[in-house]
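The values are calculated or read from the model by the stated rules, or taken from the named source; none is laboratory data. These numbers come from a predicted model, not from an experiment. Cβ sites come from the backbone with ideal geometry, for glycine too, and all protein chains shown count toward neighbours.
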Amino acid sequence: MPVITALEVNQRDKERVKLYLDDEFVLSLPRVEAARLIIGQPLSQREVEALADTDAEQRAFDRALRFLSYRPRSAQEVRRNLKKHKVDDAHIAPVLERLERLGYLDDVGFAKFWLENRARFKPMGPRALRYELRSKGVADDLIETLLADAQVEDAAYRAAAGRANRIKRTTRQAFRRKLSGLLRRRGFETDTIRDVVLRLEGEFEAADADYFLPDAAE
């Protein structure tokens with residue numbers, strides 16, 4: 001049975017330790033795992049494989065944490081990212097469970113974050129929001145629950161108002177076409193689009209009676 005002959009701190013990563021058996025490098029381990037080993041300790045092949053398996057899972061966990069450090073993610077996003085980086089399927093489920101247990105992964109929190117972010121920076125309609133959340137693996141029942149209280153017309157108004165303020169004097173037809181096109185692309189329904197565009201048209205006309213050019217001049 002091979003024996004541990006050296007445990008060396010990795011100079012490029014002080015949190016990892018190189019394991020040598022019979023003077024041959026075998027693998028590197030997190031310091032917390034290496035702390036359980038001593039020079040002169042024999043290790044069976046099964047024990048070496050178990051250490052390698054533990055290390056692979058920890059590496060997957062660390063990768064997932066880095067992925068989550070940029071913004072909240074859904075469980076499905078993390079799963080896809082680990083698969084993309086060739087993490088073994090056997091390690092993905094334990095990593096996701098550990099992340100959920102520690103509070104790093106929460107689909108409810110992620111979905112709320114996503115909706116709040118969209119509402120603040122890029123208001124969108126329920127159709128578009130459903131598509132985005134589904135594509136990120138959020139369950140349909142959770143999506144519908146969170147969208148039930150959505151202030152759809154308010155979101156459409158804010159989305160259209162930002163675009164309307166950048167439109168110079170134009171015809172009513174062009175004004176309606178530009179705003180309607182934007183709101184359709186953002187996933188709003190026809191009735192909401194009509195009401196919001198007419199509301200903004202009235203507000204612009206009230207502020208400047210000469211704002212709109214005659215449609216014939218378009």
Identify all residues within region 110-127 that are touching a residue at least 60 places away in the same chain (Cβ under 8 Å) and part of a helix (DSSP H, G or I); write none if there are none. Pro126, Arg127
Meets criteria (closer than 25 Å to His91 by Cα and without any contact (Cβ under 8 Å) to a residue 12 or more places away in the chain) for Arg36: yes
When region 39-63 is examined, which residues are found to be buried (at least 17 other Cβ atoms within 10 Å of the Cβ), within 35 Å of the chain's Cα centre (by Cα) and hydrophobic (A, V, I, L, M, F, W, C)? Leu51, Ala60, Phe61
Just to be sure I understand the filter: pairs with C-beta atoms under 6 Å, separated by 6 or more residues or on different chains, first member in region 168-197 and assigned to a helix (DSSP H, G or I), second member β-branched (Val, Ile, Thr). Which pairs pass? Arg176/Val197; Leu179/Val197; Ser180/Ile193; Ser180/Val197; Leu183/Ile193; Thr192/Val152
Kindly provide the set of residues from region 17-33 that are exposed (fewer than 14 other Cβ atoms within 10 Å of the Cβ) and under 33 Å from the mean Cα position of the chain (by Cα), ordered by number. Val32
From the option list Arg66, Arg36, Arg80, Arg98, single residue qualifying as surrounded by fewer than 12 Cβ atoms within 10 Å (Cβ to Cβ), out of contact with any Leu (no Cβ under 8 Å at 6 or more places or on another chain) and not assigned by TED's automatic domain parsing to the domain that holds Val9 is Arg66
Residues that are part of a helix (DSSP H, G or I), among the small types (Gly, Ala, Ser) and at pLDDT below 95, drawn from region 33-78: Ala34, Ala50, Ala52, Ala56
Out of Asp106, Asp88, I need the residue that is over 23 Å from Leu146 (Cβ atoms) and touching a helix residue (DSSP H, G or I) at 6+ places or on another chain (Cβ under 9 Å). Which one? Asp88
Single unsatisfied condition, Gln76 versus (1) over 12 Å from the mean Cα position of the chain (by Cα); (2) more than 30 Å from Arg31 (Cβ to Cβ): (1)
Of all residues in region 118-166, how many are in contact with a Lys or Arg (Cβ under 6 Å, 6 or more places away or on another chain) and assigned by TED's automatic domain parsing to the domain that holds Thr190? 1
Residue match in region 207-215 (condition: assigned to a helix (DSSP H, G or I), more than 24 Å from Ala75 (Cα to Cα) and touching a residue at least 12 places away in the same chain (Cβ under 8 Å)): yes
Across region 93-109, the tally of residues that are part of a helix (DSSP H, G or I) and either touching a Lys or Arg at 6+ places or on another chain (Cβ under 6 Å) or of a type in the set (Asp, Glu) (or both) stands at 3
Quick check: anything in region 142-157 surrounded by 14 or more Cβ atoms within 10 Å (Cβ to Cβ) and within 30 Å of Ala56 (Cβ to Cβ)? no
Could you tell me which of the residues Asp149, Asp141 is free of Cβ contacts under 8 Å to residues at least 12 places away in the same chain, over 17 Å from the mean Cα position of the chain (by Cα) and not in a helix (DSSP H, G or I)? Asp149
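Results for (1) among the polar types (S, T, N, Q); (2) closer than 22 Å to Tyr20 by Cβ, shown as yes or no for each residue.
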site	(1), (2)
Glu49	no, yes
Thr54	yes, yes
Gln58	yes, yes
Lys84	no, no
